[in-house]
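Colleague: To start, I am sharing the structure in question, which I have written as structure tokens.
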Amino acid sequence: MNITRPLILIAIGSAPAYAQLCDIDLIYTSESFAPFNSDVLLAPIASGDIDNDGYRDVIHTGLDNGSARVYLNDGLGGLTYSPVPLQGADGGNFHNTLADFNNDGFLDLAGIRGGNDGGDIVIFNGNGDGTFGPTPSTFIPEFIPDRVFTADIDGDGFEDIVAFQAARSAQPVIVTYRNTGNGTFTDARSYGPVGPTDTLQTGDLDGDGLPEIVTTSRINSLTTILRNLGDGTFSPQSFSFTPGASGGFVNLQLGDLNNDGHLDIAYSLFNFSNPVVFYTLNNGAGNFQTPATEIVDTSNNPTWAIAILDADGDGDNDILRMVRGLGSIFGGVLERNDGTGAFTETSTFNVIDANAGFNSTVSSIADFNNDGTPDVLLNHDRASPSEFGIWFNTCFAPPVIVQQPASVLTDAGQTAQFSIALSSGAPPLAYQWRKGGVDLVDGDGISGANSSQLMIDGVKASDVGFYDCVVSNSSGARTSDPALLGVEVEDSPTCFVDLNKDGELDFFDLSLYLQLFGMGCP
């Protein structure tokens, strides 16, 4: 049996860039994960690549028996529970953060040991395989913290610790600890009082490359900025951006809202009668406009938490509200940025989640399912049982091909089939099968030219060639790998001929012949 001519494959270029504006309403889909055997009311969680496979994992440390709950990511946003013993991490509430403290390339776990009222700081070294330990290094701070964060406060490339005494204390303070480079800490410095709060963020506000520390008070409507002096120390300054506002500031986020390259401040005001979000713009030197700009939620639901992220893919940071209705409806409202820092409420979505509670907060913003879009990891604080959730962004998810078409060698007159499978892609999706770079249409034995599966009935010599599929949506296109269709024909000569019919015997004919030969053709 001999092979007749395949057509040459037209060169496939790189996929086009994602569309920069989502032309459908923003839709977040949610999935909740209830930690095993947990009656803890707080859900301390953090995320990072714990097992060094390139995917964002989640760790939950609302401890009840000295073990953490690690959820390993399969790369598509699916999380698999894996209990991880943490010797010496007793206590019902183990607030945590992840960072590579000892500079070995693996994420380590730092947290507060001692229950809901705070305690000493413990650090478990990561093994790079999803586990920690076995025993922690421990140091007892000058006060009893109940929150712990990380930032390179002195610019030496090592992650330092910022510990925080929050709303449970009459005189809360912030203490910084500098990393010596091997995971040990010195030079404890305290700052306060800063006002009772649960919110702390770090970021470079004045453009000098060093992070400031920002907190808000849920009682006195004050925002405190600890300005970095460049030597690992800070100078506290307090501001009232919203004079006369009633209600507590319960969530604060930093992000560039007007595309000037400087971090701005947005925060929510929890008030049933006036559910609003405020933001104040940075002038570039770390000074902010007063009074802050108010964004009113027309759904009239209280906003507990907010996230700053480019939710619609247009290059501008939007504000996503996490709102709670009077019933068990927990959902979100998107405030869409026009690029100048002006916002329009464009999308509202509900998530039926009876355990969400009033106190759900944003733990991290990251791409958990590797589709190129920002997802939101939520801490369902004070849910019972404790749980957390991920809001997956499906607004401008481009297609991702995970199953490529396989080459086919068959006899003339038989049926050939090619298929692809996707891991993600926002609908509507369009499929276009091609032969040699030319679009196929149904008819004359071809079916499924615009679906995920192409069928060619009664194959003949003229069907030999390379086939691929272009799948696209409003966010971009992906082209599959080419697959070769070889057809064995009884009466064809066995000699080398002009396989691509371009009038020349050249390298391209040889390349095609070798591929067919590798598939079993004589």
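The values are calculated or read from the model by the stated rules, or taken from the named source; none is laboratory data. The shown structure was predicted, so the numbers you read here are calculated from the model rather than taken from an experiment. Backbone-built Cβ (ideal geometry, glycine too); neighbour counts: all protein chains shown. Accessible surface areas use protein heavy atoms only, side chains included; no ligands, DNA or RNA. Shrake-Rupley method; radii C 1.70, N 1.55, O 1.52, S 1.80 Å.
Colleague: Mind checking which residues of region 439-461 are at pLDDT below 95 and open to solvent by 50 Å² or more (accessible area, probe 1.4 Å)?
Modeller: Passing the criteria: ASP444, LYS460.
Colleague: Six or more apart or on different chains, Cβ under 7 Å: which pairs go from a residue in region 473-498 that's within 16 Å of ASP411 (Cα to Cα) to one that's at pLDDT 80 or above and among the basic types (Lys, Arg)? Could you list them?
Modeller: VAL487/LYS460
Colleague: Scan region 187-199 and tell me whether some residue there is farther than 30 Å from LEU281 by Cα and either at pLDDT below 90 or surrounded by fewer than 20 Cβ atoms within 10 Å (Cβ to Cβ) (or both).
Modeller: Filtering region 187-199 for residues farther than 30 Å from LEU281 by Cα gives 187-188.
Then keep just the ones that are either at pLDDT below 90 or surrounded by fewer than 20 Cβ atoms within 10 Å (Cβ to Cβ) (or both); that gives 187-188.
Yes.
Colleague: Strands (runs of 3 or more DSSP E) wholly in region 418-459 with at least 2 residues that are within 18 Å of ASP371 (Cα to Cα) - which ones?
Modeller: On the way: elements: 421-424, 430-435, 453-456.
Per the criteria, 421-424.
Colleague: For region 157-184, which positions are assigned to a strand (DSSP E or B), open to solvent by less than 60 Å² (accessible area, probe 1.4 Å), modelled with pLDDT of 90 or more and not polar (S, T, N, Q)? Working first, answer last.
Modeller: Here is the first cut: in region 157-184, the residues assigned to a strand (DSSP E or B) are 160-164, 174-179.
Still in the list and also open to solvent by less than 60 Å² (accessible area, probe 1.4 Å): 160-164, 174-177, 179.
Add one more test, that the residue is modelled with pLDDT of 90 or more, and what stays is 160-162, 176-177, 179.
Scanning region 157-184 gives ASP160, ILE161, VAL162, TYR177.
Colleague: Would you confirm whether or not region 202-216 contains a residue that is at pLDDT below 95, assigned to a loop (DSSP other than H, G, I, E, B) and either crowded, with 22+ Cβ neighbours inside 10 Å or among the polar types (S, T, N, Q) (or both)?
Modeller: no
Conditions tested, residue by residue: (1) modelled with pLDDT under 75; (2) open to solvent by less than 30 Å² (accessible area, probe 1.4 Å); (3) in contact with a helix residue (DSSP H, G or I) (Cβ under 7 Å, 6 or more places away or on another chain); (4) in a loop (DSSP other than H, G, I, E, B).
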residue	(1), (2), (3), (4)
LEU109	no, yes, no, no
ILE112	no, yes, no, no
ASP117	yes, no, no, yes
ILE121	no, yes, no, no
GLY130	no, yes, no, yes
PRO134	no, no, no, yes
PRO145	no, yes, no, yes
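Colleague: Of the numbered conditions (1) surrounded by 16 or more Cβ atoms within 10 Å (Cβ to Cβ); (2) in contact with a Gly (Cβ under 7 Å, 6 or more places away or on another chain); (3) closer than 23 Å to ALA307 by Cα; (4) at pLDDT below 85, LEU257 satisfies every one except a single condition; which is it?
Modeller: (4)
Colleague: Out of all the residues in region 222-234, is one or more modelled with pLDDT under 90, more than 18 Å from ALA151 (Cα to Cα) and either crowded, with 18+ Cβ neighbours inside 10 Å or not aromatic (Phe, Trp, Tyr) (or both)? Step through it out loud before you land on a result.
Modeller: Just the residues of region 222-234 that are modelled with pLDDT under 90, to begin with: 222-224, 231-232.
Right, trim to more than 18 Å from ALA151 (Cα to Cα) and you get 222-223.
After this cut, where a residue has to be either crowded, with 18+ Cβ neighbours inside 10 Å or not aromatic (Phe, Trp, Tyr) (or both) as well, the list is 222-223.
For region 222-234, residues modelled with pLDDT under 90, more than 18 Å from ALA151 (Cα to Cα) and either crowded, with 18+ Cβ neighbours inside 10 Å or not aromatic (Phe, Trp, Tyr) (or both): present.
Colleague: In a loop (DSSP other than H, G, I, E, B) and either at pLDDT 85 or above or farther than 25 Å from GLU159 by Cβ (or both) - does that describe any residue in region 246-253?
Modeller: From region 246-253, those in a loop (DSSP other than H, G, I, E, B) are 246-247; that's our starting set.
So of that shortlist, the ones also either at pLDDT 85 or above or farther than 25 Å from GLU159 by Cβ (or both) come out as 246-247.
Yes.
Colleague: Could you say whether any residue in region 480-497 is closer than 30 Å to ASP310 by Cα and either open to solvent by less than 50 Å² (accessible area, probe 1.4 Å) or modelled with pLDDT of 85 or more (or both)?
Modeller: First, the residues of region 480-497 that are closer than 30 Å to ASP310 by Cα: 480.
Still in the running and either open to solvent by less than 50 Å² (accessible area, probe 1.4 Å) or modelled with pLDDT of 85 or more (or both): 480.
Yes: one or more hits.
Colleague: Further question: Need pairs with beta-carbon distance below 6 Å; first residue over 14 Å from GLY315 (Cβ atoms) and within region 331-342, second at pLDDT 85 or above and open to solvent by 20 Å² or more (accessible area, probe 1.4 Å); sequence gap 6+ or separate chains.
Modeller: Short answer, once both residue conditions are applied: GLU335/PHE343.
Colleague: Restricting attention to region 346-368, and to residues there that are part of a strand (DSSP E or B) and at pLDDT 80 or above, which single residue is most open to solvent (accessible area, probe 1.4 Å)? I'd like the intermediate steps shown before the answer.
Modeller: Of the residues in region 346-368, the ones part of a strand (DSSP E or B) are 346-352, 361-366.
Then drop every residue that is not at pLDDT 80 or above, which leaves 363-366.
Details: SER363: 45, SER364: 19, ILE365: 62, ALA366: 14 Å².
Selected residue: ILE365.
Colleague: Pick from region 284-325 the residues that are assigned to a loop (DSSP other than H, G, I, E, B) and acidic (Asp, Glu): which of them is modelled with the lowest pLDDT? Explain how you work it out, then say what you get.
Modeller: Here is the first cut: in region 284-325, the ones assigned to a loop (DSSP other than H, G, I, E, B) are 284-287, 289-292, 297-302, 310-317, 325.
Narrowing the set further to residues that are acidic (Asp, Glu) leaves 297, 310, 312, 314, 316.
Working: ASP297: 72, ASP310: 87, ASP312: 77, ASP314: 77, ASP316: 88.
Filtering region 284-325 for residues that are assigned to a loop (DSSP other than H, G, I, E, B) and acidic (Asp, Glu), the one modelled with the lowest pLDDT comes out as ASP297.
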